């Protein structure tokens, strides 16, 4: 019986040492205070909104902030005013630039389903652009993953004030524009943006 106690203690220590770290712990907390924080998980890997500095083309690219965009009253001469919300969450890991873009046509507090096939602004005709999310994994080959009628998700806008801040959470599955057999899963998304 005396030899059983050290054996049990050893098993408990072994299981305690094997505790897996939660990748969500690397992300900022969910908040609604205008902290200019954000982040997300891509297939379980954490990407906090760190932004990145400019590249060797720094004359043209001064880099990116962690959060960019927000409310925009987009005006094209001769067309009616189109209120929209376009937020970019930029992260850099291992010198790879990853950007999630959230796009809402009529931003207000509430939940938005990302479940329609959509074209991407600004080049697309206005009537073909719907609420959506995209992710660019920084592969450099023009590949962008986008939500669609099959690859869906949601954005919950919990704070929406055009003049001060916006905050919310998101999750989605997106498909590649290069290979329709490739998808990514974005979870635990959060943002707290001061305009």
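The values are calculated or read from the model by the stated rules, or taken from the named source; none is laboratory data. Please read these numbers as outputs of a predicted model, since none were measured by experiment. Don't worry about glycine lacking a Cβ; one is built from the backbone with ideal geometry, like all the others, and counts go over all protein chains shown.
Before moving on, here are some points about what is shown:
- In the set (1) in contact with a strand residue (DSSP E or B) (Cβ under 6 Å, 6 or more places away or on another chain); (2) surrounded by fewer than 19 Cβ atoms within 10 Å (Cβ to Cβ), residue 178 fails one condition alone, (1).
- Being closer than 29 Å to residue 52 by Cα, free of Cβ contacts under 8 Å to residues at least 40 places away in the same chain, assigned to a loop (DSSP other than H, G, I, E, B) and touching a strand residue (DSSP E or B) at 6+ places or on another chain (Cβ under 7 Å) is true of residue 148.
- Within the range 95-111, the residues that satisfy the criterion of being part of a strand (DSSP E or B) and closer than 17 Å to residue 38 by Cβ are 97, 98, 99, 100, 101, 102, 103, 104.
- Qualifying residue in the range 122-145 (condition: modelled with pLDDT of 95 or more and out of contact with any strand residue (DSSP E or B) (no Cβ under 8 Å at 6 or more places or on another chain)): no
Yes/no matrix, rows are residues, columns are (1) in contact (Cβ under 8 Å) with a residue 12 or more places away in the chain; (2) in a loop (DSSP other than H, G, I, E, B):
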site	(1), (2)
113	yes, no
121	yes, yes
133	yes, no
140	no, yes
157	yes, no
173	yes, no
185	yes, no
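- Residue check, residue 35 modelled with pLDDT of 90 or more and under 13 Å from the mean Cα position of the chain (by Cα): no
- Qualifying positions in the range 33-47 - surrounded by 14 or more Cβ atoms within 10 Å (Cβ to Cβ) and within 16 Å of residue 170 (Cβ to Cβ): 37, 38, 39, 40, 41, 42, 46, 47
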